[in-house]
2 protein chains.
Amino acid sequence: MNTREKFARSACAVANTLDLVGDKWSLLVVRDLLYGKRTYGELAASPEHIPTNILAERLKRLEAAGIISAAAYQERPVRYAYTLTKKGRALGDVLLALVRWGRENIPGTVVLGETAAPDAAPPRAAVRRRRPGTTG
Amino acid sequence: MNTREKFARSACAVANTLDLVGDKWSLLVVRDLLYGKRTYGELAASPEHIPTNILAERLKRLEAAGIISAAAYQERPVRYAYTLTKKGRALGDVLLALVRWGRENIPGTVVLGETAAPDAAPPRAAVRRRRPGTTG
DNA sequence: CTAGTAACTTGCAAAATGCAAGTAACAAAC
DNA sequence: GTTTGTTACTTGCATTTTGCAAGTTACTAG
């Protein structure tokens, strides 16, 4: 009966996915997390140079959306490690489609990690479980 | 030697694809064209109600990027039918990944064309060749 | 107490978005 | 032949988002 969720634009799955990650930065953050980056500093150091205020805002949004989760890996000072949730890892398929389209349709583009080798597959997540939570 | 293309942010295929279609509207236009819509009016009539100035701007950008092409299907007054190029049709894989992620991770979302049936596959392009050039 | 570092936050200027209204070219009605 | 209607845009402008730079907080090292 209560299939009356409020969608921002329409009930279309594409439209609603775009409302979550359809901007120029969110999926790059997801990409970096898939590649094993974990901290704010590591994410900020990516070649695209995401502005730090945007990075902070995106981390909050992605966490609110259940795509990433933040866990303190250190108490004093408190430092957070960001990792993808299952939902976030599922975005890997979207990333893969984007990377394929880019490589085939935008000359000169590469997959991060390889420099020009068209053979190498993009590295898998490899999210190191670094015991982030001594929180109890 | 001249692998020195100028990329806006980095050489990453994902980043450059997002620079082309990484906004809230472009991929919805591609979706509609995949579904067989062809005219400005049909595109504007989609459930998301894209603002008309944005639609006009996106059509220009997508055409400049070689993702769509405009062909006059009538002379007086001149009216254009928009269709996906091969490059644009290749974005279908990205759309498919987005639609799958959305349906599995955002409750209530659907694929346009089906109402709630989880079995139905999203309809293929079905671009009707409507003889766009019956000028005489 | 001064320097350095990681992780954010804040202050704007500039750009993108979105709503509404306006314009242009024509067909049909009157 | 002037008004009405339709399609395809265009323009104006307020609001929102982005991006650059600088500031702040919480520490460690010296």
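Laboratory data are not the source of any read-out in this text; all were calculated from the coordinates shown. Computed from a prediction, not measured in an experiment: that's the story for all the values here. Quick reminder, even Gly has a Cβ in these numbers, built from the backbone with ideal geometry, and neighbours come from all protein chains shown.
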Selection count, region B:60-84, where residues are surrounded by fewer than 17 Cβ atoms within 10 Å (Cβ to Cβ) and under 14 Å from B:Arg38 (Cα atoms): 7
Helices (runs of 4 or more DSSP H) enclosed by region B:1-69 - at least 1 residues per element that are within 12 Å of DNA strand D (Cβ to nearest atom): B:13-21, B:40-44, B:52-64
Condition met for A:Ala8 (among the small types (Gly, Ala, Ser), within 11 Å of DNA strand C (Cβ to nearest atom) and within 21 Å of B:Arg100 (Cβ to Cβ)): yes
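Table: residues versus (1) more than 14 Å from DNA strand C (Cβ to nearest atom); (2) away from every other protein chain (no Cβ under 12 Å); (3) farther than 30 Å from A:Leu112 by Cα.
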| position | (1), (2), (3) |
| --- | --- |
| B:Ala13 | yes, no, no |
| B:Leu27 | no, no, no |
| B:Pro47 | no, no, yes |
| B:Glu75 | no, yes, yes |
| B:Arg79 | no, yes, yes |
| B:Leu84 | yes, yes, no |
| B:Leu91 | yes, no, no |
| B:Val94 | yes, no, no |
| B:Leu98 | yes, no, no |
Residue ID - nearest to DNA strand D (Cβ to nearest atom), chosen from residues in region A:76-96 that are free of Cβ contacts under 8 Å to residues at least 12 places away in the same chain and part of a helix (DSSP H, G or I): A:Asp93
Criterion: of a type in the set (Gly, Ala, Ser) and either touching a residue at least 24 places away in the same chain (Cβ under 8 Å) or within 14 Å of chain B (Cβ to nearest Cβ) (or both) - qualifying residue of A:Gly41, A:Gly36: A:Gly36
